[in-house]
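Okay, so here's the structure we're looking at.
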Amino acid sequence: MIIKEFEYLQYKDINDKNYIKPETFEALEKFVLDNETTQYLKITTKKGYGKVLQAQKFVGVIQTKDGTTIEILPKVKNVDEQKSKDILLKMLKTLKKSPFKNLNTANLKTYKMPLLEIFITMFVEELARLVQKGIKSDYITKEENLKFLKGKLKINEQIKYNYIHKERFFVQYQEFVSDRVENRLIKTTLQYLYKKSKLNKNQQRIREFLFVFDDVGISHNIKTDFEKIKLNRQMKDYELVLLWCKTFLLDNSFSPYKGNTIAFALLFDMNLLFESYVGRYLKKKGFDVSLQDKGKYLVDSHQKFALRPDIVINWKESIIIVDTKWKNITEEKDISQSDMYQLYAYGKKYKNNQLYLIYPRLDQKQPKLKYTYCQEAQSKLNLRVVYFDLEKR
């Protein structure tokens, strides 16, 4: 099932495209109640339908335990589902510390593939490159009671366990094996995704890789095993694959959520995606850009109430402050006072007079707005409202 931001899910009319089973609705409702501080979905009412779940400013994938998969796509005016999905994938590529930076959908028939299957395909493609280069092995220390002498004899254990069995040797030795923490996490991810994937091609490739990792165990404490990883120069080839593993196994890493009523969820805040995409676009245009700039406070004396503008541009010995907002602006009253106050605070603290509010472009009729906070030359702050076209950039 595919919906866009601010569309509804309900369970009363089975002929509606947004119909879900009552038990699926209940699971999602419990998910919402468990995460009241972060509104992934909103419980509300709709005339003729009663209680419904409304998508908010989070996009991505939610899969319930009964197997229902819901894709939430960005709401961009006059754009169909496929174009909306393409825009989302394009934005995901700009996220830092994520596996999406090498996302290449050029050879994929994304219009036929669910988002989750696209992500799984990208993971197995990256894993194929790693396997081609060769998976890493390591020396591990083993202690066993053997019928032959190997490595170092453990005297105390030999006396304890083999006082009667003189034919045995309690030994400690090292073995060069591929059963190391990084490979265990990869195998655990493969087993996990084999249950999630419904695409025959992905399932077949996962089975092939499970054969490659046949001698490797699985991770029994995923979080602890991720903490053990040290990506030095020898392990550089593993970096992107392990980022994918973390994305799937710690599936709440981008937007932490609570509860266990959902089988899988990978959700992204559209405000952060929009900021990241605009920032990357400005960098590609040659601007000196800093994202989420730090160091300024509303109360300097106690360094309280940190100010973090989305984008700071150093331009010709001056500073330009840019704040991005994922909001639909159709007329001037849609711009909130809090946005205006925020930019005023940034302008005062950074001592610059060029401020920009960037919203997504909906159409050519959006109002062209320019404000001046103060007319005095020394305190003059100029704010421009501009619109970013996600289809053309």
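The values are calculated or read from the model by the stated rules, or taken from the named source; none is laboratory data. What you see is a predicted model, and the numbers here were worked out from it, not measured in a lab. With ideal geometry, Cβ positions are generated from the backbone for all residues, glycine too; neighbour counts draw on all protein chains shown.
Numbers for the structure displayed
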read-out	value
Region 211-235, residues that are surrounded by 11 or more Cβ atoms within 10 Å (Cβ to Cβ), more than 21 Å from the chain's Cα centre (by Cα) and in a loop (DSSP other than H, G, I, E, B)	213, 215, 216, 217, 218, 219
Checking residue 264 against (1) outside any strand (DSSP E or B); (2) more than 30 Å from residue 393 (Cβ to Cβ), the condition it does not meet	(1)
Extreme residue, surrounded by the most Cβ atoms within 10 Å (Cβ to Cβ), among residues of region 259-280 that are among the hydroxyl-bearing types (Ser, Thr, Tyr) and either touching an Asp or Glu at 6+ places or on another chain (Cβ under 9 Å) or under 25 Å from residue 351 (Cα atoms) (or both)	276
Residues (part of a loop (DSSP other than H, G, I, E, B) and surrounded by 15 or more Cβ atoms within 10 Å (Cβ to Cβ)) located in region 177-210	178, 179, 180, 197, 199
Count of region 301-331 residues which are without any contact (Cβ under 8 Å) to a residue 24 or more places away in the chain and not in a strand (DSSP E or B)	6
Qualifying residue in region 75-87 (condition: hydrophobic (A, V, I, L, M, F, W, C), within 17 Å of residue 255 (Cα to Cα) and at pLDDT 90 or above)	no
Filtered residue count, region 161-176, keeping only those that are of a type in the set (A, V, I, L, M) and surrounded by 10 or more Cβ atoms within 10 Å (Cβ to Cβ)	1
Test set (1) under 30 Å from residue 28 (Cβ atoms); (2) in contact with a Leu (Cβ under 8 Å, 6 or more places away or on another chain); (3) in a helix (DSSP H, G or I) - residue 274 fails condition number	(2)
Region 253-266 residues that are under 19 Å from residue 119 (Cα atoms), paired with ones that are loosely packed, with under 15 Cβ neighbours inside 10 Å and modelled with pLDDT of 85 or more (beta carbon under 6 Å, 6 or more apart)	263/65
Test: residue in region 326-338 that is in the same structural domain as residue 384 (by TED's automatic domain parsing), surrounded by 18 or more Cβ atoms within 10 Å (Cβ to Cβ), more than 21 Å from residue 273 (Cα to Cα) and over 28 Å from the mean Cα position of the chain (by Cα)	no
Unique residue being buried (at least 16 other Cβ atoms within 10 Å of the Cβ) and either assigned to a helix (DSSP H, G or I) or assigned by TED's automatic domain parsing to the domain that holds residue 58 (or both) when the list is 157, 117	117
Among residues of region 71-84, those that are of a type in the set (A, V, I, L, M) and not in a strand (DSSP E or B), counted	2
Test result for residue 393, surrounded by fewer than 19 Cβ atoms within 10 Å (Cβ to Cβ), assigned by TED's automatic domain parsing to the domain that holds residue 306 and within 21 Å of residue 282 (Cβ to Cβ)	no
Residue match in region 130-150 (condition: under 30 Å from residue 81 (Cβ atoms) and either more than 22 Å from the chain's Cα centre (by Cα) or surrounded by fewer than 17 Cβ atoms within 10 Å (Cβ to Cβ) (or both))	no
All positions within region 343-357 that are under 30 Å from the mean Cα position of the chain (by Cα) and either of a type in the set (Gly, Ala, Ser) or more than 11 Å from residue 384 (Cα to Cα) (or both)	346
Residues that are in a helix (DSSP H, G or I) and touching a Leu at 6+ places or on another chain (Cβ under 9 Å), drawn from region 236-256	237, 238, 239, 240, 241, 242, 244, 245, 246, 247, 248, 249
Residue match in region 215-225 (condition: closer than 30 Å to residue 114 by Cα, among the hydroxyl-bearing types (Ser, Thr, Tyr) and at pLDDT 85 or above)	yes
Residues of region 114-134 that turn out to be small (Gly, Ala, Ser) and under 13 Å from residue 206 (Cβ atoms), as a count	1
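Quick grid of which residues meet (1) closer than 26 Å to residue 190 by Cβ; (2) loosely packed, with under 14 Cβ neighbours inside 10 Å:
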position: 257; (1), (2): yes, no
position: 282; (1), (2): no, no
position: 306; (1), (2): no, yes
position: 317; (1), (2): no, yes
position: 322; (1), (2): no, no
